[in-house]
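Taken together, the values in this text are just the output of simple stated rules run on the coordinates, not laboratory data. Only a predicted model underlies this, so the values are computations on that prediction, with no experimental measurement involved. Positions of Cβ are backbone-derived with ideal geometry, glycine not excepted, and every protein chain shown enters the neighbour counts.
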Amino acid sequence: MTCTTVLFLFLDFARFQFLRTSQTRHCHQNLPMSTIERWFFGVPIVTRCYITACVLSALAVQLRVVNLLQLLFRFDLIFYQHEYWRLITHLCFFGGLQVGFFFHMFFVYHYSRSLEEELFHRRSGDFFYMITIGVVLLNIIASFLQLYTSFESYFLGSALTFMLVYVWSKHKGSTRMFFLGLFSFRAPFLPWILLGFSLITSPESTAADIIGIAIGHIYYFLHDVVPLEFGAHPLKTPRFFTWLFETRPVVPTVPEGAAAQVPQPGGFEWGAAEPVGNVQIRRVAEDEDNAAAM
């Protein structure tokens, strides 16, 4: 499962690199693609890779390609048995192909895509850096809780989802939303309403959801509040992340000698220009020949 996911993400990222160096939008408009393929490659790159990893994880467990125990987060297995893939796989599994899985996929797709297309417009490197910060903090907190408490949440994908929802809600303060058509509220209350709903439907994941909200608040405070209040930028995106997703424009090259072969306007070959003095001398000579003939 791990090799398959990594291979798919690598191929998808390689395709993205190829298309962006070949004028991505122009190529997408001309390539014959089905409706599903057009929708899939229309999703921003970071959101697309994460959703793909989640779907592959659910399919692998549903089809019994891998065991569920191979994906969960276990501090002892990661750092003593060197099973480092667990640092990522526990964030990509939301259960089998059931109602809860599609519910989480909707939230991941909607809010992750909204963040990447609006708040991080044309800055997928910054968005990927935000995801990386969330993943690192989640793994650190989960390791600490498993070592010193009876924390038993082995899959923290919902915590990462709550982080995305919290960051999105803080930047959509004036947006009004409806919950199940029962009442309306403003976007900043969305994480807390979802937390209450989660407490009723799946209380075992409430601790993970609270962790996601806390990490979302830490990121929002350091990324948005601190620069405004203190002028510092503690979460400035490293150059490596922006390099991964930056667009490199293609500069067309003209072969040597090609400029001479380009037809000039008018469509007539008038020949090379002749100096004015030569024209006058030739006309005098012609007048003398005519006078002698007469």
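The table for this structure:
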| read-out | value |
| --- | --- |
| Chain lengthening between residue 82 and residue 244 when straightened (0.36 nm per residue, less Cα-Cα) | 55.6 nm |
| Linear extension gain, residue 105 paired with residue 179, 0.36 nm per residue minus alpha-carbon span | 24.9 nm |
| Exposure proxy order (Cβ contacts within 10 Å, fewest to most) of 129, 220, 166 | 220, 129, 166 |
| Gained length - residue 118 relative to residue 192, 0.36 nm times residue gap less alpha-carbon distance | 24.4 nm |
| Förster radius 22 Å - calculated FRET efficiency between residue 68 and residue 40, Cβ distance, rounded to 0.05 | 0.25 |
